[in-house]
Amino acid sequence: MIIGWPRLGKQLAVIVLDVALTTVATWIAFSLRLDYLHWPTDAQWWAYALTPALAIPIFVRFGLYRAIFRYTGMDALMAIVKAVMLYGAILFAILLWQRWPGVPRSMGVLQPLVFLLLVAGSRMLARAWLSRAGRHGLEYEGRLLIYGAGESGVQTAAAIGNAHQYKLLGFVDDDPRKTGRSINGAVVYPASKISELVRNRGVTDILLALPSVSRARRNTIIESLRSVPVHIRTLPGISDLTSGRITVRDFKELDVEDLLGRDPVIPDPSIATRSTTDRVVLVTGAGGSIGSELCRQIALEQPAQLVLFDHNEYGLYTIHQELLSLCAAKRLDVNIVALLGSVANPQRLHDVFGRYRPNWVYHAAAYKHVPLVESNPAEGIMNNVFGTLNVARAAVESHVANMVLVSTDKAVRPTNVMGASKRMAELVLQAMAAANGKTRFCMVRFGNVLGSSGSVVPLFRSQLASGGPLTVTHPEVTRYFMTIPEAAQLVLYAGAMAKGGEVFVLDMGEPVKIMDLARRMIDLSGLTVRDENAPDGDIAIKITGLRPGEKLYEELLIGDDPSPTDHPRIMKAHEEFLPWKELEAQLELLREAALRDDVDGIKSVLTTCVHGYVESAFGVLK
């Protein structure tokens with residue numbers, strides 16, 4: 001009944017309780033001191049009146065009546081201790097001063113101690129009662145094991161206990177010194193018992209509380225859990241959990257790094273800072289997946305000014321606000337400027353470059369979705385090819401020291417307009433690098449980035465949430481994958497190593513079969529694949545067929561024998577290109593065809609200029 005009371009009513013009830021507790025504490029203190037069951041007489045009544053008159057204002061001042069009993073923890077108990085200590089000091093001073101007959105001075109020590117025990121006990125009893133009342137009739141969302149019995153796991157268990165959304169069945173840990181022990185009533189089991197626990201105790205979720213474990217060990221653990229029919233998730237920042245900013249509902253799905261299954265790139269700040277610190281840096285496509293991550297990492301290196309350029313208003317606004325918050329939180333002295341505009345508008349670029357005079361330019365603006373560009377080839381050409389040309393010319397005119405183009409593996413022997421347009425953009429910079437000695441141009445080519453707006457991972461997660469099916473274009477389709485932070489790091493490193501005209505290729509690790517990725521995501525969600533062998537499975541995988549211009553396999557190199565660089569994950573390709581005079585004539589033909597929306601004319605120029613470009617109606621090329 002009390003749970004449903006208004007807040008003021010609850011506070012008044014607690015104040016009345018504390019008045020009663022001061023009276024009881026005074027009676028107990030007198031009885032203990034006098035060694036018999038006491039009944040107050042004469043001046044002793046002043047002591048009974050004084051204790052609540054002192055205690056309640058002090059408790060109000062310490063905010064003890066703002067606390068929520070069901071969440072009473074160590075901080076709240078410490079506040080009670082401090083309040084009672086102040087109360088006891090004042091009470092003792094008054095008793096020394098007044099010297100009421102029949103009131104021993106030792107009451108100033110004994111009564112506060114008894115009062116502290118009563119108040120703290122009442123709060124803990126209230127917490128336990130309210131917790132049981134809150135759980136009455138509650139259906140848990142799942143039955144949980146926490147993998148990791150360290151500090152993070154213990155704090156997470158406390159958050160779970162407060163939220164009552166999951167029933168905690170215990171901990172799992174690889175440390176044999178912890179197994180068999182109990183943490184706040186929850187047993188720590190060895191990892192070898194997981195399958196048995198799932199089978200016998202109905203575990204539905206396993207939460208990874210392993211913030212300090214190596215990526216290799218984490219991947220091994222995740223792979224070992226694939227065969228167990230439970231939902232695998234991971235922790236948000238433990239500081240967020242303990243501060244109450246988020247709840248256990250915010251436990252995250254596995255990171256894209258977990259799905260990638262390999263160690264990420266280890267940052268080497270000494271390389272990146274050579275290009276960005278104390279410089280004016282401009283990033284085109286700053287609101288996109290790669291562009292925004294480039295901006296985050298560049299901001300941390302403290303350039304003199306960071307200019308964000310994008311035609312997407314919302315994306316630009318979002319990254320601008322995020323960077324302002326980042327710089328304020330880390331006390332970075334970086335002047336951040338957000339500019340709306342399109343790389344297809346040469347006059348806007350001329351004005352921006354002339355005003356801000358960037359030292360470094362990272363060109364990440366591009367249309368990158370293969371089916372969309374295939375359906376809108378003229379727009380893809382104007383943005384990807386001539387947008388790059390416009391940025392490069394503006395860079396030369398304003399004496400930019402370095403310009404880095406963010407490219408793609410789809411530029412290698414492309415079967416689609418998007419890939420061919422990105423190879424044309426590379427050819428533009430290669431030709432301009434050979435003809436111009438002032439601005440150093442380079443290109444960085446890599447494959448798919450996990451978690452980007454066009455990535456398969458967000459698509460699969462959305463399809464899983466809606467009950468499937470997961471859509472895969474072909475059983476054998478294979479892609480290279482890298483995380484967004486990795487790709488941005490390596491773009492910065494490659495740009496710092498540029499001498500002019502290089503095509504840098506990132507080591508993407510082993511290619512991943514999309515069908516395997518789909519199965520892995522289903523397994524780690526605690527679900528099963530529904531197919532001919534398992535007709536009662538949870539989630540089906542549907543083969544939709546390759547889209548126009550889509551390849552089964554992507555490549556990173558046109559030629560052979562790439563050269564190593566100072567970074568073990570970055571190679572330098574040796575690829576032929578057209579001289580500027582020859583390329584310039586082809587660009588004019590391409591521009592005219594794009595302005596006329598002449599698809600055949602566009603593809604004719606691409607076939608002439610781009611090595612290996614072969615139009616395919618269905619993209620079934622290897």
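The values are calculated or read from the model by the stated rules, or taken from the named source; none is laboratory data. Predicted model, so just to flag it, every value in this text is computed and none were measured. Cβ atoms come from the backbone with ideal geometry, glycine included; neighbour counts cover every protein chain shown.
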Do we have any residue at all in region 426-441 that's in contact with a strand residue (DSSP E or B) (Cβ under 9 Å, 6 or more places away or on another chain) and more than 30 Å from Val599 (Cα to Cα)?
-> yes
Say we look at region 394-424 and pick out the residues that are β-branched (Val, Ile, Thr) and in a loop (DSSP other than H, G, I, E, B); which of these is nearest to Gly601 (Cα to Cα)?
-> Thr415
Condition check for Ala67: at pLDDT below 75, under 33 Å from the mean Cα position of the chain (by Cα), of a type in the set (Gly, Ala, Ser) and not in a helix (DSSP H, G or I) | yes
From Thr408, Thr415, Thr439, which residue is assigned by TED's automatic domain parsing to the domain that holds Met497 and under 27 Å from Thr277 (Cβ atoms)?
-> Thr439
Considering only region 10-29, state which residues are at pLDDT below 80 and of a type outside the set (A, V, I, L, M).
-> Lys10, Gln11
Given the structure, is Leu459 outside the structural domain of Ser604 (by TED's automatic domain parsing) and buried (at least 19 other Cβ atoms within 10 Å of the Cβ)?
-> no
When you go through Pro346, Pro358 one by one, which is the residue that is of a type outside the set (Lys, Arg) and surrounded by fewer than 24 Cβ atoms within 10 Å (Cβ to Cβ)?
-> Pro346
Within region 301-343, restricting attention to residues that are aliphatic (A, V, I, L, M) and surrounded by fewer than 18 Cβ atoms within 10 Å (Cβ to Cβ), which residue is farthest from Thr276 (Cα to Cα)?
-> Leu340
Residue by residue through region 519-534, note down the ones that are modelled with pLDDT of 85 or more and in contact with a helix residue (DSSP H, G or I) (Cβ under 6 Å, 6 or more places away or on another chain).
-> Val529
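Yes/no matrix, rows are residues, columns are (1) closer than 30 Å to Ala157 by Cα; (2) at pLDDT below 80:
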position: Ile56; (1), (2): no, no
position: Thr72; (1), (2): yes, yes
position: Leu77; (1), (2): yes, yes
position: Val103; (1), (2): no, yes
Can you confirm whether region 535-546 contains a residue that is assigned by TED's automatic domain parsing to the domain that holds Leu300, assigned to a loop (DSSP other than H, G, I, E, B) and at pLDDT below 85?
-> no
